[in-house]
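Here's the structure, in C-alpha cells; my notes come after.
Every read-out reported here was derived from the displayed coordinates using simple, explicitly stated rules and does not represent laboratory data. It should be emphasised that the depicted structure is a prediction, and the values quoted were computed from it without experimental measurement. No Cβ is skipped: glycine too gets one built from the backbone with ideal geometry, and neighbour counts run over all protein chains shown.
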Amino acid sequence: MEQQLILDDALIAKYDQSGPRYTSYPTAVQFHDGFTADDYAQIARDTNASGRPLSLYFHIPFCDTICFYCACNKVATKDRSKGDEYLQRLYREIALQGELFDRSRPVEQLHWGGGTPTFISHAEMRELMRVTGEHFQLLPDDQGEYSIEIDPREATAETVGVLREIGFNRMSLGVQDFDPRVQKAVNRIQSEEETLAVLNAARAEGFRSVSIDLIYGLPHQTRESFENTLERIIDVGPDRLSVFNYAHLPQIFKPQRRIEVNELPPPEVKLEILHMTAAKLAAAGYVYIGMDHFAKPDDELAVAQREGTLYRNFQGYSTHSNCDLVGMGITSIGSVGNCYAQNLKGLDDYYQAIDAGQLAVFRGVRLSKDDELRRDVITRIICNFSLDFSAVEKQWNIDFKDYFGPELEQLAGMVDDGLLEIRGSGIQVLPVGRMLIRNICMVFDAYLKDSKGQRFSKVI
Ligand SMILES: C[S@@+](CC[C@H](N)C(=O)[O-])C[C@H]1O[C@@H](n2cnc3c(N)ncnc32)[C@H](O)[C@@H]1O
Ligand code: SF4
C-alpha cells in the first residue's frame, strides 16, 4: 500500500477544482515588475555567504514542429541558425550570472529544458557546457545530477553519446502516446523505434536515470488505447514515468486551438484511464511520487520520499533542496535566496537586454517570512504526504496550531472526507488524499483567498 495511488471517484469529483501545481510558492501569478534585475543581483550576491551549492537551469526554446497540446514555453522554427543567435546571448548571460556567484559553489544540479534542448547541434551542445564550466564550478561525472529533456525525434544514439560525454547522467524522453491516431491529432508523429533507439543508447552510455513523459486526456484516447501505450512503456522499464493530465486551455495556449474539443475523452474516460494507469504501474512495481510522477522503488526519488528528503521546484521533484536555482535563457525562473526572478519571455526583448550587458530579469518576488514559512509547509506536504508540526515549529519559531489555526479548521472537512488525518504531532495524508494533494496544499496558500485560481489546471 505504501506509496501507491488510490483513487476515489466521488472525492475526485468533489474536489475537482483548478489549482496551482506548486513548483513555486508564491506562484508566478504573484511575480511583479517592481522586482528588478538589480534586486535579483543583490540577493544573489548575498547568498554567497551561505556557500550553498547551485542548481542551473537553461531554457532552449526552439522546436522544429509544434505539438498542438503543448503548454511549454517554445518558439517554432525550422531555421537552425536561430539556435546560434540564441546561444551567443545565452553565453553572455552565463557570464553575467556567473559573476554573481562565488566559483567555490559547486553545481550539484543542472538541467536543460525546453522547447527542445536537442534542437541545437552537437558542437553547440559541447560549447554550451564548455562555457558553463568557464563560469561555474561543474562537478566531475556523477557527483552531480545533470539532466536534459529529449525529444526522441530530435536525437540519435550519437546525440546521446555527446550528452554523456559533456556530463549528463539523467534524461527525460517526451513520448505522450504511441497510438498513430492520437499522434496525428496532436501533430506529433513519433515512432516507437525512435523512442527506443534513444532509450537503449542512454542505457548503453550509462545514464543513471531515464524518465518517460506520457499525457492522458489527448484526442481519441480510450482506456484500451492508452493501456496499449503504457504496456509498451512498462516493457522497456524506464526508471521514472510522468503521466501528465492534459489541460485544455486554448485561450492561453494558442496551438491547442487546433485540437478538436469533440475528439477529447470526456472526464469519465480520463478517470478510467487514470484508474488503469495507477493499477498497471503499481502491478509493474512503480511507486507514486505525487503530482503525476511515478518511479521504481529503488529510484532515488522514491527513496528520498520514504526518507522525507524529497524536494520540489520548477524542474519537478528532486533531492537537492539545499541549492540556489539560477535560471538562464528566455522565460526561465530562478529561486535564489528569498526571491524568485523570471527572465524576459520574448527573444527580441531578451536579446536587447543581454546585448546591453544587462541581466534579463523582468519580474519576480521577494518572499516575506510568511511566504517562506508557507512554502516550507506546502513543500513538505506535497513531497512527503505528511507534516511534522514540531519540525516546522523548530525551523520557524512558531506555534503551529496558533499560526495555522484557521487552516487547521479548514482541513476539518478533508479529515471528514478521509483525505488526511490530523494528529497531535502532525498531518498525515491518507492514500485517497494523495491524488488531491494540491487541494490540501491550497489550504495553506495565502494568495488563493481573493483569486479563484482560473489560471490553473484542474485535477482531472
Ligand atoms: C518541454 S517538453 C519535453 C521535451 C521535448 N520538447 C519533447 O516534447 O519531447 C515537456 C513535457 O511537458 C508535457 N506537456 C506539454 N504540454 C502539456 C499539456 N498541455 N498538458 C500536459 N502535459 C504537457 C509533455 O509530456 C512534454 O514531454
Ligand atoms: S511538447 Fe516538446 S516538442 Fe512538442 S511543442 Fe512542446 S516543447 Fe516542442
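Within region 211-232, find all residues whose amide N lies under 14 Å from a label point positioned 7 Å from the Cα of GLU192 along Cα-to-beta-carbon. The answer is 225-232, whose backbone nitrogens lie closer than 14 Å to the label point. Shape class for region 184-238: prolate, because the ratio a/c of the largest to smallest gyration tensor axis (alpha-carbon atoms, square roots of eigenvalues) is 1.5 or more and a/b beats b/c.
Around the Cα centre of region 4-159, unit charges on the Cβ atoms of Lys, Arg, Asp and Glu (plus for the first two, minus for the last two) sum to a dipole of about 160 debye.
When the Cα gyration tensor is reduced to axis lengths a ≥ b ≥ c, the ratio a/c is 1.5 or higher for region 131-267, and with a/b above b/c it is classed as prolate. Here LYS280 is the anchor, and the lysines within straight C-alpha reach of less than 22 Å, apart from those fewer than 8 places off in the same chain, are LYS270, LYS296. Beta bridges assigned by DSSP with both partners in the chain are antiparallel in approximately 45 percent of cases. Taking Cβ atoms as reference points and 13 Å as the exclusive limit, the residues near CYS63 contribute a net charge of +1, counting Lys and Arg as +1 and Asp and Glu as -1. Could you list, in their original order, any pairs among LYS78/LYS254; LYS345/LYS369; LYS14/LYS184 whose Cα atoms are separated by more than 22 Å? In this structure, LYS345/LYS369; LYS14/LYS184 lie more than 22 Å apart at Cα. Bridges between two residues of region 168-246, per DSSP, are antiparallel at a rate of about 0%. Placing +1 on the Cβ of every Lys and Arg and -1 on the Cβ of every Asp and Glu, with no other charges, gives the chain a dipole of roughly 580 debye about its Cα centre.
Separation of region 151-227 and region 253-292, taken as the distance between their Cα centroids, equals 17 angstrom.
Toward the positive end of the charge dipole of the chain, with +1 on the Cβ of Lys and Arg and -1 on the Cβ of Asp and Glu, the farthest Cα among SER147, GLN176, TYR340 is that of TYR340.
Note on region 269-339: with charges restricted to the Cβ of Lys and Arg (+1) and Asp and Glu (-1), its dipole about the Cα centre is near 180 debye. Projecting the Cα atoms of GLY51, HIS32, GLY19 onto the charge dipole of region 1-58, computed from C-beta unit charges around the Cα centre, puts GLY51 farthest toward the positive end. Just to confirm my numbers, what's the Cα centroid distance between region 42-106 and region 412-438 in Å? What the calculation gives is 38 Å, centre to centre.
By the count of neighbouring beta-carbon atoms within 10 Å, fewest first, TYR91, TYR350 end up ordered TYR91, TYR350.
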